[in-house]
Amino acid sequence: MSGGGNGHPPDDGGESEEKGLAPVDEKTEAPGGADENTSTPEAQDAVLRQQLKALQEERDDLKDQLLRRRADFDNFRKRADRDRQQASFEATAAVLRDIIPALDNLERALGAGGDEAALRTGVELIHRELLSLLDRHGATSHDPTGQAFEPERHQALLHEEVPGFAEGTVVETFRKGYSFKDRLLRPALVKVAKGPDEQETTEPDGVH
């Protein structure tokens, strides 16, 4: 009676002991947990072996890709060389094929004997055929007579005073020039007009 009337609940020793137990720490699991499995030397060694295997596979794959790319490039280079050689062969064959008719006409002209008219006709025909051949292949001849002298396209053999021609004008062409499209094959050999010498055009002071 005296214990229940003092205003304090009865002392339950068992319940207090249960309330005083500390909670179980999850980090302190029993042996055999995942963390301990990955932290053992054997587990670490297994992980390293897997990583090494993955790196080796990646290396082998990259090496295989490199070998394939190298083989593709070699095949492309060989094919390009063959195409270039074939194109050069076809271009040369086309020029030779066009020259053959001119040779036929030359042989006929030479077989004309003492007939000068037939010989001249044959030579003129050959000349026209050769000019046509050059034109078909993009080559042109140029006679710069009467034009201004161009050092890039003309080669001057003579410089002379020529009445009626301005200084620097081509007055005579000894040999025509030839060009292939925008490329000069051979410059024209020319004679260029020059101005009068200073001694001839200027009188000394005091002379009348």
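Just so you know, all these numbers are worked out from the coordinates, no wet-lab data involved. Everything numeric in this text was worked out from a predicted model, so none of it was measured. Heads up, the Cβs are rebuilt from the backbone with ideal geometry, glycines too, and the neighbour counts pull from every protein chain shown.
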> In bins 10 Å wide, starting from 0, what share of all Cα pairs of the stretch 140-202 does each bin hold, as a percent?
Replying inline: 25, 46, 21, 7, 1
> Can you list the HN-Hα couplings for the stretch 62-71, worked out from phi with the Karplus curve (6.51, -1.76, 1.60; θ = phi - 60°), rounded to whole Hz and with x for Gly and Pro?
Replying inline: 5, 5, 5, 5, 5, 5, 5, 5, 5, 5
> Mind listing which GluC sites (Glu not before Pro) in the stretch 124-170 are in a DSSP loop and have 15 or fewer other Cβ atoms within 10 Å?
Replying inline: 152, 161, 167
> Percent relative contact order of the stretch 47-137, based on C-alpha pairs within less than 8 angstrom and at least six residues apart?
Replying inline: 22
> Based on the Cβ-Cβ distance of residue 86 and residue 131, what FRET efficiency does E = 1/(1 + (r/R0)^6) give at R0 = 22 Å, to the nearest 0.05?
Replying inline: 0.15
> How big is the stretch 50-208 on each of its three principal axes, counting only the C-alpha atoms and giving the largest first in Å?
Replying inline: 111, 66, 17
> In terms of modelled amide H atoms, which long-range or inter-chain residues lie less than 5 Å from the amide H of residue 185?
Replying inline: 178, 179, 180
> What per residue convex hull volume, in Å³, comes out for the stretch 47-137 when only alpha-carbon positions are used?
Replying inline: 70
